[in-house]
Structure formats: C-alpha cells, structure tokens
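S.K.: Questions regarding the structure given below will be posed in turn.
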Amino acid sequence: MRWRTRLTELLDCKYPIIEGGLSGIGTWDFAAAVSNTGAVGCLTAATSRTPDKLREDIQKLRKATNNPFIVNISIGGCPQIDEMFEACFQEDVPAIETAGYRPDEYIERIKKSNITWIHKGATVDFCKHAEKLGVDAVVLVGLEGYGFKNIKQLPTLTSIAWAAPQLRVPLIAGGGIGAMSLS
C-alpha cells in the first residue's frame with residue numbers, strides 16, 4: 001500500500017516516515033536500508049566528515065537504493081559546512097535537511113539548487129521562521145527527541161498540536177514518540 005500525503009508526494013516515497021539525522025550512525029548503508037523499506041533514509045553529512053567522503057557516500061547510497069533519501073546538514077555541528085552543501089548540490093541529492101540553528105545564510109544557495117529543502121527545528125517559532133524563508137517542509141522535534149535542545153522546547157505531541165494550525169508546509173513530528181502503560 002502506498003500512502004498519499006503531502007510528504008509522500010513531496011519526497012516521492014511510499015510511507016511518510018523519515019529517518020532522523022542520527023549523528024554518528026546516519027551512514028549511507030543505514031540510510032539505504034531505511035529507503036529500501038519505502039520510508040526516507042537520511043545520510044548525515046557530519047558522519048561522512050569530509051566533502052569528498054560525503055560525495056562517495058552519496059554515490060554508494062544511490063547504488064544501494066533506487067528510492068529517495070535526504071542528506072542532513074546540521075548547522076553548527078557539520079564540519080566544512082559550505083563544502084558539504086556544495087557536495088550535495090553537485091551530486092543533486094533528492095533533498096537536504098538543515099538542522100540546528102537558523103539556516104538563513106544558506107537559503108539562497110539551497111533555493112538556487114532546486115533541491116527539496118526540509119528544516120528541522122526545536123520550536124514552533126523556528127519552524128515558522130523556516131517557512132517564511134521558503135522551506136518545503138519542516139520537522140518539529142519535541143523535548144523527548146535526541147539532539148539540539150532549546151529552553152522553549154515542548155514535548156513532541158504538544159508542539160505538533162500547537163504548530164499544525166500555524167504552518168502551511170508539511171509538518172513532520174520528530175523524536176521521542178512512544179507509548180507507556182500506567183497500569
């Protein structure tokens with residue numbers, strides 16, 4: 001069964017599920033395994049460490065799957081960030097996910113590349129800001145999620161419920177969603 005949502009249409013994937021950036025384990029082979037399920041795998045640029053290695057990893061990922069994937073570039077945490085963006089542009093990746101801090105200084109280059117752009121934010125305000133900059137979709141990571149934290153961050157489902165009526169772009173819930181039995 002292929003789901004039909006704004007996200008599956010945007011990313012041309014079977015399921016509206018995206019692998020998180022997973023710093024340290026967001027490798028090309030893990031991303032390929034996720035993409036091969038019909039979800040969207042994520043290659044973390046910082047895991048590749050250099051632009052040349054990122055290019056090599058993107059090429060390996062492409063050989064391992066015919067399905068879409070994204071490359072995560074965490075602002076403030078990715079080495080040689082300008083060169084990492086350039087590697088993504090040269091390899092014409094299906095989508096880029098920026099994360100961490102405000103992506104303002106990279107927007108012109110991302111938009112010029114015509115690559116689908118997703119931004120991961122820790123607060124509704126960060127996601128609204130990215131929408132104003134022209135993002136194609138946003139990931140809102142709740143307090144339970146791993147990674148960057150913000151003093152204004154709320155639990156995932158609270159944040160999503162608050163953000164949904166305020167955003168027009170596809171909204172993806174990120175991090176720490178689980179179930180717990182109290183009895």
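The values are calculated or read from the model by the stated rules, or taken from the named source; none is laboratory data. These figures come from a predicted structure and were not determined experimentally. Glycine also receives a Cβ, built like all others from the backbone with ideal geometry; neighbour counts cover every protein chain displayed.
S.K.: Report the residue count in region 78-90 for those that are surrounded by fewer than 21 Cβ atoms within 10 Å (Cβ to Cβ) and not in a helix (DSSP H, G or I).
M.R.: 2
S.K.: For region 47-77: of the residues being among the hydrophobic types (A, V, I, L, M, F, W, C) and buried (at least 20 other Cβ atoms within 10 Å of the Cβ), which is farthest from Tyr101 (Cα to Cα)?
M.R.: Here the answer is Leu61.
S.K.: Now for a separate question. Is at least one residue of region 11-34 among the charged types (D, E, K, R) and out of contact with any helix residue (DSSP H, G or I) (no Cβ under 8 Å at 6 or more places or on another chain)?
M.R.: yes
S.K.: Among the numbered criteria (1) modelled with pLDDT of 95 or more; (2) within 22 Å of Ile70 (Cα to Cα); (3) touching a Lys or Arg at 6+ places or on another chain (Cβ under 9 Å); (4) aliphatic (A, V, I, L, M), which one does Ala163 miss?
M.R.: Only one criterion in (1) modelled with pLDDT of 95 or more; (2) within 22 Å of Ile70 (Cα to Cα); (3) touching a Lys or Arg at 6+ places or on another chain (Cβ under 9 Å); (4) aliphatic (A, V, I, L, M) is unmet by Ala163, namely (2).
S.K.: Quick check: is even one residue across region 106-122 over 19 Å from Leu167 (Cα atoms), in contact with a Lys or Arg (Cβ under 6 Å, 6 or more places away or on another chain) and free of Cβ contacts under 8 Å to residues at least 40 places away in the same chain?
M.R.: no
S.K.: Going through region 35-46 one residue at a time, which ones are surrounded by 24 or more Cβ atoms within 10 Å (Cβ to Cβ), part of a helix (DSSP H, G or I) and among the hydrophobic types (A, V, I, L, M, F, W, C)?
M.R.: If the condition is that a residue be surrounded by 24 or more Cβ atoms within 10 Å (Cβ to Cβ), part of a helix (DSSP H, G or I) and among the hydrophobic types (A, V, I, L, M, F, W, C), then Ala45 is the only one that fits.
S.K.: Okay, next question. Go over the candidates Val169, Val138 one by one and state the one that is in a strand (DSSP E or B), out of contact with any Lys or Arg (no Cβ under 7 Å at 6 or more places or on another chain) and modelled with pLDDT of 95 or more.
M.R.: Sole residue among the options that is in a strand (DSSP E or B), out of contact with any Lys or Arg (no Cβ under 7 Å at 6 or more places or on another chain) and modelled with pLDDT of 95 or more: Val138.
S.K.: Sort through Asp12, Asp57, Asp82, Asp29 and tell me the only one that's without any contact (Cβ under 8 Å) to a residue 12 or more places away in the chain and out of contact with any His (no Cβ under 7 Å at 6 or more places or on another chain).
M.R.: Asp82
S.K.: Looking for something within 15 Å of the chain's Cα centre (by Cα), among the small types (Gly, Ala, Ser), at pLDDT 95 or above and not in a loop (DSSP other than H, G, I, E, B) - is there at least one such residue anywhere in region 20-31?
M.R.: Scanning region 20-31, I find at least one residue that is within 15 Å of the chain's Cα centre (by Cα), among the small types (Gly, Ala, Ser), at pLDDT 95 or above and not in a loop (DSSP other than H, G, I, E, B), so the answer is yes.
S.K.: Taking only pairs six or more apart or across chains, which ones have beta-carbon atoms under 8 Å, a first residue in region 158-173 that is over 20 Å from Leu10 (Cα atoms), and a second residue that is assigned to a helix (DSSP H, G or I)?
M.R.: Ser159/Val124; Trp162/Val124
S.K.: Is it the case that region 45-60 has a residue that's in contact with a strand residue (DSSP E or B) (Cβ under 8 Å, 6 or more places away or on another chain) and closer than 28 Å to Ser159 by Cβ?
M.R.: There is at least one residue in region 45-60 that is in contact with a strand residue (DSSP E or B) (Cβ under 8 Å, 6 or more places away or on another chain) and closer than 28 Å to Ser159 by Cβ.
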